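Peer 1: First the structure, then my questions, so here it is.
The values are calculated or read from the model by the stated rules, or taken from the named source; none is laboratory data. Being a predicted model, the structure only gives us computed values, none of them experimental. Every residue, glycine among them, receives a Cβ derived from its backbone with ideal geometry; neighbour counts consider all protein chains shown. For the accessible areas, the whole protein counts, side chains as well, though only heavy atoms, and no ligand, DNA or RNA atoms are used. Shrake-Rupley method; radii C 1.70, N 1.55, O 1.52, S 1.80 Å.
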Amino acid sequence: MDADINQFLFGEQELSCSIALDIARGKVKGVLSPKARERVRKSAKIVKAIVEKAVPVYGINTGFGPLCTTHISKEETRVLQINILKSHSVGVGKPISKELSKLMLILKMHSLAKGYSGIAEKTLDRILWHIENDIIPVVPSQGSVGASGDLAPLSHLFLPLIGLGKLHGKDDIIPSENLLKTRNIRPLELGPKEGLALINGTQFIAAHAIKVIERMHNCLSHADLIGAMMIEGLQGSIKPFYNELHQLRPYKGNIHVAERVKLLLKESEIMVNHVDCERVQDPYSLRCIPQVHGASRNAWLHLKELVQTELNSVTDNPIIIDEELTISGGNFHGQPLAMALDYACLAASELGNISDRRIYLALEGNSPGVPKLLMKDTGINSGYMILQYTTAALASENKSLCFPGSADSIPTSMGQEDHVSMGSISARKALRVIGNLEKILAIELLTATQAFEYRKPLKSGIVLDEVHREIRKKVAFAEKDRVFADDIDKGINMLRKKSIMKKVESVCKDNGLSLETSFNDLFEKF
């Protein structure tokens, strides 16, 4: 994560995923500086001049999409802005989370504040009011094809500006009109181009991408930690994690994973205990952790770098450069993020795939001292057998979700928009896969902890020993069958709340240890 800051200047400072999340969670205050306000006023003034001159400029005094040749009179330009919000609010499906909607507001605020969109200052102040007061619009999850940007979701996002749409109440969803009346807030009258500036852009895709970055990073961290515990439990070899090996194939993600796992296994009595065992090599699910986890980390890094660019870009249309130059281009097209999100989706699925294989490996009973199905008294007890059924089902479901959304394109807008990104589908799908991955990793956490138990009284390194103790505070050692769904829920909760990783951080801090690698800034900050 980035260093803590108390205030962020919209339209001026570099926005990152972590800062956007901090603003959404009330940890950082986003503000519009005098400098940004001046740029916004200047851009709005240019739009006003275009309307006065009656020179045809797309989206300012013309219709939209296939109606781009239809001239709109000066008197009708304001009606046009309201109509575009109404007509494009065609989203369907369950609403996205309140946090995702709030992230959309934050990202759009930052993009508009750069001063290339012709938006009015009062409109930005109203958006800022929504962010600061946590009064967040309801946005349906389906309906965007990812070009011209996320039209339908963004239309729903900004309906409350004109007194329409719905808002998240304290416990339910309420009409915007009702809530705004209680606050004595009047609907805005949007000026020329404002409607188009609001609904053109990739903020639906980008907001989801931020959550993909955050949640996938958490899964990557846990995958390395749980993999290290499984190596201990199954007496795997540390040699596949040696730097000498990875310098011969120096992918950054691979090196990062290998170094972290090696640090977690440092000074382990369990490792020393079987250093002279007869086993020549481990199965791939243990031996190739650096290569597989590392490849997923490389995919995550690729997405992070692209999202960083996207968050600090202007993605509406047309773009107001200056008094002489207005460009109707394609910065709203979601393809740059769509393809990367599909790549990240595959990378997350593969983390679950190899995790399921390690779970199966732990159940086989081929590691000395670890009983079949991770329980001594089997026959009357099934042990951990059926937990792997669940991970197999989840891994299979993830594979079916890996078809890339960006591989498809269906023309829209009477052929004017003849290639679209489907990036919103890529984004939503990636989060579904990550949700399943969290469950798979939680089950591997339980099985690795159970296998780890059979290595006592030998000790691991201090970090893994303390992690094992932390898990045992929530989930007891299983000597006989019980309702394992309860254990799984606890595992998922620990993973999603990051309580285990927080324990790792505190143990390292208390003992002067570090899991940092030479690529720490790349893979541990976003």
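Peer 1: I'm checking my understanding of the structure. Among residues of the stretch 282-311 that are open to solvent by 30 Å² or more (accessible area, probe 1.4 Å) and not in a helix (DSSP H, G or I), which one is farthest from Tyr58 (Cα to Cα)?
Peer 2: Only one residue fits best here, namely Pro283.
Peer 1: Same structure again: Would a scan of the stretch 140-147 turn up a residue that is hydrophobic (A, V, I, L, M, F, W, C), more than 24 Å from Cys17 (Cβ to Cβ), at pLDDT 95 or above and open to solvent by 10 Å² or more (accessible area, probe 1.4 Å)?
Peer 2: Keep residues of the stretch 140-147 that are hydrophobic (A, V, I, L, M, F, W, C), which gives 145, 147.
Within this subset, residues satisfying the condition of being more than 24 Å from Cys17 (Cβ to Cβ) are 145.
Applying the additional criterion that residues be at pLDDT 95 or above yields 145.
Still in the running and open to solvent by 10 Å² or more (accessible area, probe 1.4 Å): 145.
So far as the stretch 140-147 goes, yes, one or more of its residues are hydrophobic (A, V, I, L, M, F, W, C), more than 24 Å from Cys17 (Cβ to Cβ), at pLDDT 95 or above and open to solvent by 10 Å² or more (accessible area, probe 1.4 Å).
Peer 1: So is Ile492 aliphatic (A, V, I, L, M) and within 25 Å of Lys266 (Cα to Cα) or not?
Peer 2: On the way: aliphatic (A, V, I, L, M): yes; within 25 Å of Lys266 (Cα to Cα): no.
Against the criterion (aliphatic (A, V, I, L, M) and within 25 Å of Lys266 (Cα to Cα)), Ile492 does not qualify.
Peer 1: Further question on the same structure: Pick out the one residue from Ser141, Ser148, Ser237, Ser155 that is in contact (Cβ under 8 Å) with a residue 12 or more places away in the chain, in contact with a helix residue (DSSP H, G or I) (Cβ under 9 Å, 6 or more places away or on another chain), among the polar types (S, T, N, Q) and part of a helix (DSSP H, G or I).
Peer 2: Details: Ser141 fails: part of a helix (DSSP H, G or I); Ser148 fails: part of a helix (DSSP H, G or I); Ser237 fails: part of a helix (DSSP H, G or I).
Result of the check over Ser141, Ser148, Ser237, Ser155: Ser155.
Peer 1: Within the stretch 96-130, how many residues turn out to be open to solvent by 10 Å² or more (accessible area, probe 1.4 Å) and more than 17 Å from the chain's Cα centre (by Cα)?
Peer 2: Residues flagged as open to solvent by 10 Å² or more (accessible area, probe 1.4 Å) and more than 17 Å from the chain's Cα centre (by Cα) within the stretch 96-130 amount to 10.
Peer 1: Those residues that are open to solvent by less than 10 Å² (accessible area, probe 1.4 Å), in contact with a strand residue (DSSP E or B) (Cβ under 9 Å, 6 or more places away or on another chain) and outside any helix (DSSP H, G or I), I need them from the stretch 158-197; list them, please.
Peer 2: Within the stretch 158-197, Leu167, Lys193 meet the criteria.
Peer 1: Residue under question is Lys86, and the condition is that it be over 20 Å from Thr309 (Cα atoms), touching a residue at least 60 places away in the same chain (Cβ under 8 Å) and surrounded by fewer than 16 Cβ atoms within 10 Å (Cβ to Cβ); does it hold? Spell out how you get there, then give the answer.
Peer 2: Numbers: over 20 Å from Thr309 (Cα atoms): yes; touching a residue at least 60 places away in the same chain (Cβ under 8 Å): yes; surrounded by fewer than 16 Cβ atoms within 10 Å (Cβ to Cβ): yes.
Yes: the conditions hold for Lys86.
Peer 1: What are the pairs with Cβ atoms under 9 angstrom where one residue, in the stretch 160-176, is farther than 12 Å from Ile136 by Cα and the other, located anywhere, is open to solvent by 60 Å² or more (accessible area, probe 1.4 Å) and assigned to a strand (DSSP E or B)? Sequence gap at least six, or different chains.
Peer 2: Going by the 9 Å Cβ cut-off, the qualifying pairs are Leu164/Pro175.
Peer 1: Which condition does Gly63 not pass, out of (1) crowded, with 18+ Cβ neighbours inside 10 Å; (2) within 19 Å of Asp316 (Cβ to Cβ), if it passes all the others?
Peer 2: Failed condition: (1).
Peer 1: Checking the condition closer than 17 Å to Gly227 by Cα and assigned to a loop (DSSP other than H, G, I, E, B), which residue from Ser349, Ser367, Ser355 passes? Spell out how you get there, then give the answer.
Peer 2: Details: Ser349 fails: assigned to a loop (DSSP other than H, G, I, E, B); Ser355 fails: assigned to a loop (DSSP other than H, G, I, E, B).
It is Ser367.
Peer 1: Considering only residues that are under 17 Å from Asp465 (Cα atoms) and of a type in the set (S, T, N, Q), which ones fall in the stretch 491-505?
Peer 2: Listed by number, the list holds a single entry, Ser499.
Peer 1: While we're here: Sort out for me the strands (runs of 3 or more DSSP E) sitting completely within the stretch 1-101 that have 1 or more residues that are under 28 Å from Gly165 (Cα atoms), touching a helix residue (DSSP H, G or I) at 6+ places or on another chain (Cβ under 6 Å) and of a type in the set (Gly, Ala, Ser). Spell out how you get there, then give the answer.
Peer 2: Numbers: elements: 7-9, 29-31, 92-95.
Ranges flagged: 29-31.
Peer 1: To continue, here is another question. Would you confirm whether any residue within the stretch 404-422 is β-branched (Val, Ile, Thr) and within 23 Å of the chain's Cα centre (by Cα)?
Peer 2: Taking the stretch 404-422 as the starting set, the residues that turn out to be β-branched (Val, Ile, Thr) are 410, 412, 420.
With the extra rule that they be within 23 Å of the chain's Cα centre (by Cα), the set shrinks to 420.
So far as the stretch 404-422 goes, yes, one or more of its residues are β-branched (Val, Ile, Thr) and within 23 Å of the chain's Cα centre (by Cα).
Peer 1: Going residue by residue through the stretch 396-414, is there one that turns out to be part of a loop (DSSP other than H, G, I, E, B), within 30 Å of Asn273 (Cα to Cα) and modelled with pLDDT of 95 or more? Break it down stepwise before answering.
Peer 2: So in the stretch 396-414, the residues part of a loop (DSSP other than H, G, I, E, B) come out as 401-404, 408-411.
After this cut, where a residue has to be within 30 Å of Asn273 (Cα to Cα) as well, the list is none.
No.
Yes/no per residue for (1) small (Gly, Ala, Ser); (2) outside any helix (DSSP H, G or I); (3) touching a residue at least 40 places away in the same chain (Cβ under 8 Å):
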{"position": "Pro250", "(1), (2), (3)": "no, yes, no"}
{"position": "Asn254", "(1), (2), (3)": "no, no, yes"}
{"position": "Val261", "(1), (2), (3)": "no, no, no"}
{"position": "Val280", "(1), (2), (3)": "no, yes, no"}
